[in-house]
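To keep things clear, I will list the structure first and then write my remarks on it.
The values are calculated or read from the model by the stated rules, or taken from the named source; none is laboratory data. No experiment lies behind these values; they were computed from the predicted model shown. Cβ atoms come from the backbone with ideal geometry, glycine included; neighbour counts cover every protein chain shown. Just the protein is used for accessible areas: all its heavy atoms, side chains included, with ligands, DNA and RNA removed. Shrake-Rupley method; radii C 1.70, N 1.55, O 1.52, S 1.80 Å.
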Amino acid sequence: MSTIFDLKIQVQPEHIDVLGHVNNVVYIQWMQDVAESHIETLGLGLAEYIQLKHAMVAVEHHVQYRKAALEGEEIILRTWLDDINALYSSRQYAFYRPKDQNILFVGNTKWACIEIATGRPKRMSPSFIHAYQPIPVDLNPMDFSISYAAME
């Protein structure tokens, strides 16, 4: 069963654009980074993709930038799964600043299952369906008083 997943990062100088805040494309990279970290904790990362000969690939992103993030700030990248069918899964993101719990960014990605060798759509295997389940309805992913950080 999937759950909410948090990844703590610190904004680095290379994340900053000429306007002095995190560049828009960095948020897209962070979406990828937190999704990869999450699937690793679910036991279905790159090594398993190769072994199973199919993988999930991003086919659609929707993003909303809410507040600027600045160099040196600690940011929590939060993600969770909210929908699944035989070919697609949907992942949500909320990136926030823990010191004031301000939401900086929200987004979602539609992921498709493909056969690695051909790039063609493929129905998800039972391993994928088991790992990529939506979070339970009683969990509130926007409750930032709860940490879902992976144990180090």
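Observations, loosely collected:
- Taken residue by residue, the range 110-128 has at least one member that is within 12 Å of I84 (Cα to Cα), open to solvent by less than 80 Å² (accessible area, probe 1.4 Å) and of a type in the set (G, A, S).
- Of the criteria (1) in contact (Cβ under 8 Å) with a residue 40 or more places away in the chain; (2) closer than 19 Å to A35 by Cβ; (3) polar (S, T, N, Q), which one Q101 fails: (2)
- Residue selected from the range 24-50 under the condition hydroxyl-bearing (S, T, Y) and more than 15 Å from W80 (Cα to Cα), by the criterion surrounded by the fewest Cβ atoms within 10 Å (Cβ to Cβ): Y49
- Count of the range 84-93 residues which are part of a strand (DSSP E or B), more than 15 Å from D33 (Cβ to Cβ) and touching a Lys or Arg at 6+ places or on another chain (Cβ under 9 Å): 4
- Any chance H21 is open to solvent by 40 Å² or more (accessible area, probe 1.4 Å), over 30 Å from D138 (Cα atoms) and more than 12 Å from the chain's Cα centre (by Cα): yes
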